[in-house]
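Written below as structure tokens is the structure these notes are about.
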Amino acid sequence: MSSFFSITSSSLIFFLTGVPVLEVAHAWISIPFCCLYITALSGNGIILFVIITESSLHKPMYYFLSMLSTTDLGLCFSTLVTMLGILWFNARQISFHACVAQMFFIQLFTVMESSVLLAMAFDHFIAICNPLRYTTILTDSRIVKVWFAILVRGTMILLPLALLLKRLSFCRSHVLHHSYCFHPDITQLSCSDNKSNSVLGLTALLVTAGVDSIFSLLSYILIIKTVLSIASPEERHKVFSTCISYIGSVAIFYIPLISLCFVHRFGKRAPPYAHTLMANAYLLIPPGMNPIIYSVKTKQIHRAVKKIFFPKESVW
């Protein structure tokens, strides 16, 4: 039994998949993916740098934004090696333990991003609905505790998924359907009973992204209710302008996720590359677009970034 387990886990090799049917065009397909990676890594890195170095940005709103940039960077680094390795060098092999580790970190940073978006919704809710208590509620120590709770929550929920995968045996095809390791993709290749893995995976999705999206929506319903009670149209416009960046981040996080779910469930007749491109876009679009949204729509971030690249100009 022990020798069988060593064959099915320690010595097991999976084969990742590039873009089906379009393998000959991998070099060209890598161009937009490289652009997204460069945008995501440089953009989120710059946002982190300006928040750390600019004392005027040491406020709860920007602390949460730095958390979002951190999770985006983690998500990019989790997929960069395998995705570009396939597109550039056709490096498809990945060991079982490396695959499980990649799957864990991809899902961890995804869950953390969902949690950070919920924390940002709470930040906007307090700032708009109870501004007089904003600084007393969102103190620096509490924000650190929120970040720690987000990390612990994601780890505690996803660690059992990774551990249960090690109990599976694999006797079918070892070819995965994506350019990175995806939990449902791995469990489908198992020849042992994987019901507990499937149930736990679905439960993890519901108690993280599902619960977070519901509470984020509830927060913004209350925010809209409060904003509509403001008599001045100018104040309404100012509040909605402040929230537009967050709404954009929520949209680019959940819309690709929902679209990917619909493609997998109802797109059986769709070309094989449609599933792969949607799965890759789901992981690359939010990290690539978030820094653009916040650099353009948030004046303080826009000014701080401009101050770095054009220090001789008066931006204040």
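Only the coordinates and a few stated rules stand behind these numbers; no lab work does. None of these values were measured; they are calculated from a predicted model. Using ideal geometry, Cβ is built from the backbone for each residue, glycine included, and neighbour counts are taken over all protein chains shown.
Applying a threshold of 28 Å to the alpha-carbon distances of Lys145/Lys195; Lys59/Lys297; Lys145/Lys238 flags Lys145/Lys195; Lys145/Lys238 as lying beyond it. Taking Cα atoms, how many degrees apart are the long axis of helix 96-129 and the longest axis of the chain, rounded to 10 and kept between 0 and 90? That helix lies at roughly 20 degrees to the long axis.
Estimated purely from DSSP H runs of n ≥ 4, each contributing -39500 (n - 2.57), the mean residue ellipticity at 222 nm for the chain is -25000 deg cm²/dmol once divided by its residues.
Taking Cα atoms only, the orientation of helix 60-89 departs from the longest principal axis of the chain by about 30 degrees.
What you get for the chain, charging only the Cβ of Lys and Arg (+1) and of Asp and Glu (-1), is a dipole of about 240 debye around the Cα centre. Set the Cα radius of gyration of the stretch 161-316 against 2.2 N^0.38 Å, with N its number of residues, and you get 1.44. Remark on the stretch 84-131: ratio of C-alpha radius of gyration to 2.2 N^0.38 Å is 1.93. The overall shape of the stretch 110-195, judged from the alpha-carbon gyration tensor, is prolate: a/c is not under 1.5, and a/b is greater than b/c. Comparing Leu228, His302, Ser216 along the charge dipole axis of the chain, the residue lying farthest to the positive side is Leu228, per the Cβ-charge model. Annotation: extensible slack from Ser95 through Met156 equals 19.6 nm (criterion: 0.36 nm per residue apart, minus Cα-Cα distance). Out of every Cα-Cα pair in the stretch 48-138, what percent are more than 18 Å apart? Here the tail beyond 18 Å accounts for 59 percent of pairs. A cut-off of 5 Å between modelled amide H atoms, ignoring neighbours fewer than 5 places along the same chain, links His178 with Thr17.
Among His124, His58, His178, the largest mean-square fluctuation in a Gaussian network model of the chain, built with springs joining Cα atoms closer than 10 Å, belongs to His58.
Between 0 and 90 degrees, the angle of helix 26-53 with respect to the longest Cα principal axis of the chain falls at about 40 degrees. Under the criterion of Cα pairs below 8 Å and six or more residues apart, the relative contact order for the stretch 125-262 equals 24 percent.
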